[in-house]
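Everything below concerns the one structure shown next.
Laboratory data are not the source of any read-out in this text; all were calculated from the coordinates shown. A quick note: this is a predicted structure, and the numbers were derived from the prediction, not measured. Cβ placement follows ideal geometry from the backbone for every residue including glycine, while neighbour counts extend to all protein chains displayed.
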Amino acid sequence: MAQIELIDIHKQYVVGNSTVTALSKTSLTIDKGDFVSIVGHSGSGKTTLISIIGGILKPSSGKVLFEGSDIGSFDDESASAYRNQKIGFMFQFASLLPILSARDNVLIADLFSKHRQADAESKAQTLLQMMGIGDKVNSYPAQLSGGQQRRVAIARALLNNPKVILADEPTGDLDEETEAEIMTLFKELNEKHQVTIILITHSQDLASQARTRYRMAKQNLIKL
């Protein structure tokens, strides 16, 4: 059984008096433990696609199945649990709260969970250590470099043991060296921990490092 399956996804937005089509009859199958990249120009529908996979947006029509369950049939509580427990989100900016330490920024993921973890604090510290910033647990975002902030965001995304990481341009504002370090972390998570990675990027170089590659064009996916 596929871990994620999109079936004839169609998504439209109403903008003023116009209707804009972001996705048109898009289908996609992703197996557990795959590393998938989706490349495409700005406005091609990439972010809409992973927002639908993550349950943030609902498609205008079509289905999204996660391990065989239609996430469109989830009630509010089940949908929240899906986003919190099954999916780890990473976006272009780390979006850390400036008044919280690195450790407390990671712990936010547990605060919004219905099933609180008794060992969440020690787990947060372990994850930051795994990210190579174990000595920064008490540092605030302003005291961290861009790459270090991104590592905190990755640790936060991993706190609830997600099965899938959705990464939308996660290295967009980083230098080449830090970008390479973040990609190495993604590969380790994928290969050693079997976390499924779905990477959205405009970079052909980054996209080429994934196991399965797609290009978004004309509101649809083309496998490369």
Considering the dipole of the range 108-205 built from charges on the beta carbon (Lys and Arg +1, Asp and Glu -1) around the Cα centre, which of ILE133, GLN143, SER122 is farthest to its positive end? SER122
Apply 1/(1 + (r/R0)^6) to the Cβ-Cβ distance of ILE222 and ASP173, taking R0 = 35 Å, and write down the FRET efficiency to the nearest 0.05. 0.80
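Taking 8 Å as the Cα distance limit and 6 or more residues as the minimum spacing, I'd like the relative contact order of the range 48-112 as a percentage. Working shown, then result.
Working: 26 pairs, mean separation 14.5, N = 65.
Once normalised by length, the contact order is 22 percent.
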Counting pairs of alpha carbon atoms under 8 Å apart in space and at least six apart in sequence, what relative contact order in percent does the range 83-224 give? 29
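Calculate the FRET efficiency for ALA2 and HIS202 from the Cβ-Cβ distance with a Förster distance of 25 Å, rounded to the nearest 0.05.
E(calc), rounded to 0.05, equals 0.40.
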Between the residues SER203, PRO162, PHE186, the Cα farthest towards the positive end of the dipole of the range 152-208, that dipole coming from +1 and -1 charges on the beta-carbon of Lys, Arg, Asp and Glu, is from PRO162
Residue order, fewest to most beta carbons within 10 Å, for TYR214, TYR13, TYR140: TYR13, TYR140, TYR214
If packing is taken as the average number of other Cβ atoms within 10 Å across a peptide's residues, how do 151-164, 183-196, 121-134 rank, most packed first? 151-164, 121-134, 183-196
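Suppose R0 equals 41 Å; then what is the FRET efficiency for LEU100 and TYR13 from their Cβ-Cβ distance, rounded to the nearest 0.05?
0.75
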Between ASP76 and ALA142, what is the label-point separation in nm under the 7 Å Cα-to-beta-carbon projection? 3.7
Provide the percentage of antiparallel DSSP beta bridges, counting only those with both residues in the chain; round to the nearest 5. 55
Helix-only estimate, please: 222 nm mean residue ellipticity of the chain, summing -39500 (n - 2.57) across DSSP H runs of length 4 or more and dividing by its residues, to the nearest 500. -9000 deg cm²/dmol
